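Readers should treat all values here as calculations from the given coordinates under stated rules, not as data from a laboratory. On a predicted model such as this, the values are computed, not experimentally measured, just so you know. Positions of Cβ are generated from backbone atoms using ideal geometry, with glycine treated the same way; all protein chains shown enter the neighbour counts.
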């Protein structure tokens with residue numbers, strides 16, 4: 001069955017805000033406000049969506065400063081389809097895109113924040129788990145504002 005799914009998947013660079021949030025929800029990530037999601041998707045340097053039939057089942061995005069820094073984000077595969085090498089294909093496509101963008105004599109940095117306990121997946125592509133060498137820990141913070149205007153960081 002796994003081989004059958006791979007043959008039926010197509011890849012596109014388009015996803016609706018609703019489908020994007022549905023994918024996020026499938027992996028228990030927060031949903032993004034519609035306006036913010038629309039802006040984020042529209043500002044993607046690279047976007048690749050795995051589609052089965054008419055349904056997006058996985059995606060990856062790259063955001064970049066257009067210089068030397070690339071950040072891979074939103075690596076999502078709906079859990080119903082995990083184990084079919086969709087994530088591997090998505091990351092491969094993202095890295096292929098970046099490598100084509102690098103000119104002779106240039107060096108660029110590709111960063112990402114792995115989901116909890118998914119570091120091994122990215123190591124297969126040459127990513128180093130931080131801390132590594134003189135690289136410190138990856139860090140993040142989420143900031144929310146509720147309906148009453150209260151701001152929370154977590």
Response to the item:
One computes Rg over Rh for the chain from alpha-carbon atoms, with the Kirkwood Rh, and obtains 0.97
Discussion item. Looking at the calculated P(r) for region 69-112, what percent of the C-alpha pair distances fall above 16 Å?
Written reply: 45 percent
Discussion item. Only bridges whose two residues both fall in the chain count here: according to DSSP, what percent of them are antiparallel, nearest 5?
Written reply: 85 percent
Discussion item. What whole-number distance in Å separates the alpha-carbon centres of region 7-42 and region 80-121?
Written reply: 18 Å
Fill in: Neighbour-count ranking [beta-carbon atoms within 10 angstrom, fewest first] of 118, 38
118, 38
